[in-house]
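The values are calculated or read from the model by the stated rules, or taken from the named source; none is laboratory data. For clarity, every value in this text was computed on a predicted model and none was experimentally measured. Here the Cβ is made from the backbone with ideal geometry for all residues, glycine too, and neighbour counts use every protein chain on show. With ligands, DNA and RNA removed, areas are computed over all heavy atoms of the protein, side chains included. Shrake-Rupley method; radii C 1.70, N 1.55, O 1.52, S 1.80 Å.
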Amino acid sequence: MNVSHASVHPVEDLPTTDGGVGGGGNNNNNEVPRVRMKDIQGMPGTAGGLALRICQFVSAVLGLCIMATTSDFPSVTAFCYLVAATGLQSLWSLSQAIIDIYALLVRRSLQNSRVVSSFAIGDGITSTLTFAAACASAGITVLIDNDLNSCAHNHCIQFKTATAMAFVSWFTSLPSFLLNFWSLASR
């Protein structure tokens, strides 16, 4: 009869780390050290996070500059709101990009819960404001272009471009917010 038998291989017993030999101390090594997950690209302090911040900054500044160069944007509240929101988005993204550059240069992890929560709150606020401003500006742009047919008298191309840049800025700030929020939830 040909039956396979289980084989037993000896394994060395790892020494304990408490340093005590049989003394009255607690020799239970049931505490397993926490294994830190590798930093996901897009999180603060990573190259992906820096790339997202730079994309946010560039698109927000482009939208801000394009809208600010038109002479008639102050007459529409939604366009003023877009300028304010993209200005705030550009300042926030620039400051976060500088922090990411510093963290990458000194090889420091930014996975502290306070730092990540402040990033998540800031990203949530700025992305919500930018999205709301982009939606309001898109509504006004559609009103001017399609409903009133007065694009010849306005700067419709600039309005549309600035609104599109605001949407791009929001779209690139959304992954930052979601990754930071997810990181907080998994702690």
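Taking residues in segment 149-169 that are free of Cβ contacts under 8 Å to residues at least 60 places away in the same chain and within 21 Å of Phe57 (Cβ to Cβ), and partners anywhere that are in a helix (DSSP H, G or I) and open to solvent by 70 Å² or more (accessible area, probe 1.4 Å), the pairs with Cβ atoms closer than 9 Å and at least 6 places apart or on different chains are Phe167/Phe131.
With respect to being out of contact with any helix residue (DSSP H, G or I) (no Cβ under 9 Å at 6 or more places or on another chain) and either over 17 Å from Leu174 (Cα atoms) or not in a loop (DSSP other than H, G, I, E, B) (or both), Arg53 falls outside the description. Is there a residue being basic (Lys, Arg), surrounded by fewer than 19 Cβ atoms within 10 Å (Cβ to Cβ) and touching a residue at least 40 places away in the same chain (Cβ under 8 Å) anywhere in segment 113-126? Taking every residue of segment 113-126 in turn, none turns out to be basic (Lys, Arg), surrounded by fewer than 19 Cβ atoms within 10 Å (Cβ to Cβ) and touching a residue at least 40 places away in the same chain (Cβ under 8 Å).
Phe181: open to solvent by less than 70 Å² (accessible area, probe 1.4 Å) and in contact (Cβ under 8 Å) with a residue 60 or more places away in the chain, yes or no? For Phe181, the condition - open to solvent by less than 70 Å² (accessible area, probe 1.4 Å) and in contact (Cβ under 8 Å) with a residue 60 or more places away in the chain - is not met.
When Ala78, Ala84 are checked against the criterion of being more than 15 Å from Ser173 (Cβ to Cβ), surrounded by fewer than 17 Cβ atoms within 10 Å (Cβ to Cβ) and modelled with pLDDT of 90 or more, Ala84 stands alone in meeting it. For segment 27-41, the count of residues that are in a helix (DSSP H, G or I) and either modelled with pLDDT under 95 or in contact with a strand residue (DSSP E or B) (Cβ under 6 Å, 6 or more places away or on another chain) (or both) is zero. Scanning segment 35-84 for residues that are in contact with an Asp or Glu (Cβ under 9 Å, 6 or more places away or on another chain) and closer than 12 Å to Thr163 by Cβ turns up just one, Phe79. Leu104 - would you say it is within 26 Å of Ser186 (Cβ to Cβ) and surrounded by fewer than 19 Cβ atoms within 10 Å (Cβ to Cβ)? Spelling it out, Leu104 is indeed within 26 Å of Ser186 (Cβ to Cβ) and surrounded by fewer than 19 Cβ atoms within 10 Å (Cβ to Cβ).
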